[in-house]
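**Student:** Have a look at this one before I ask anything.
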Amino acid sequence: MLRVRLLDTPVDIATMDETAGRALSAMRSGRRCQHVAMNVAKLVNARTDPELAQDIRDSDIIGIDGMGVVYALEALGHLVPERVSGIDLFLRLMEECARRGFRPFLLGARPDVLADAQAELRRLFPGLTFAGAHHGYFKPDEEERIRDLIRGSGAHCLFIAMPTPRKERFMRRWRDTLDVPFLMGVGGSFDVVAGRVTRAPFAMQRLGLEWLHRLLQEPRRMTGRYLRTNAVFALLLAREIAAQRLRALRPARPTNAA
């Protein structure tokens, strides 16, 4: 796992096996490990949201969730062996939990979506046992109660399906008192697993067009977000590429002869 910087934001280049290995190691040892999934929208928003930027920097694993981040890193000269999307990592860890006897706690989504996601995960991964679950529609003054519920569950891992920056804020605020080894925000993964939202076809995923698929499914909610953040990201990346090339063209300073 290699940590690099993309537009002044730290990002970890890692394979699925490396990332899952870090998560499982935390579950076995009990040492806390926090994962945050990085995509274009989060990277752009972190530039104007100091708290979100701090939430990202304080994470143990900053995974590459979006193909836009992959393309940007490669354009700047970094080799990215594979993208480890949040939902793919979530499903991989659900499989590992079922196999190894680890018990996850699910937090987020509507009650009906959460129930359907749990049922589908049990179908996909026989033997999977949940430490607990709670929907995401709770008020700020209920957070301590939710914290106590999670802490008392004995969970080995916590997956939070809430919007950014709410899930990052929740993890950073309570992670030291949750007594859960591995924590991860999974965005809309419960909606996908429950069948409320479909994933983009594989070809669109490979081309980095998952945002377009999501936009077509939820145009009213996603249009402003994607158009704004994608445009800002493209401008920032173009500026960084130009600056990198300019630095490469500058002649090296002569060294003094001995």
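**Student:** Identify, among Met184, Phe138, Leu2, the residue whose Cα sits farthest towards the positive end of the charge dipole of the chain, taking +1 on the Cβ of Lys and Arg and -1 on the Cβ of Asp and Glu, with the dipole about the Cα centre.
**Tutor:** Going by the Cα projections, it comes out as Leu2.
**Student:** Give, rounded to the nearest 20 debye, the magnitude of the charge dipole that the chain has about its Cα centre when Lys and Arg contribute +1 at Cβ and Asp and Glu contribute -1 at Cβ.
**Tutor:** It comes to approximately 460 debye.
**Student:** Which one, Ala161, Leu76, Leu91, projects farthest toward the positive side of the charge dipole computed for segment 2-244 from Cβ point charges (K/R +1, D/E -1)?
**Tutor:** Among Ala161, Leu76, Leu91, the one farthest towards the positive end of the dipole of segment 2-244 is Ala161.
**Student:** Still on this structure: Which value, in debye to the nearest 20, describes the size of the charge dipole of segment 1-82 about its Cα centre when Lys and Arg Cβ atoms bear +1, Asp and Glu Cβ atoms bear -1, and nothing else is charged?
**Tutor:** 240 debye
**Student:** Pick from Leu149, Leu52, Leu246: which residue has the top mean-square fluctuation in a GNM of the chain where Cα pairs under 10 Å get a spring?
**Tutor:** Its mean-square fluctuation being the largest, the pick is Leu246.
Read the figures in this text as sums done on the coordinates, not as results from a lab. Just so we're clear, the structure is a prediction, and the values are computed from it rather than from any experiment. Note: ideal-geometry Cβ built from the backbone for every residue, glycine included; neighbour counts use all protein chains shown.
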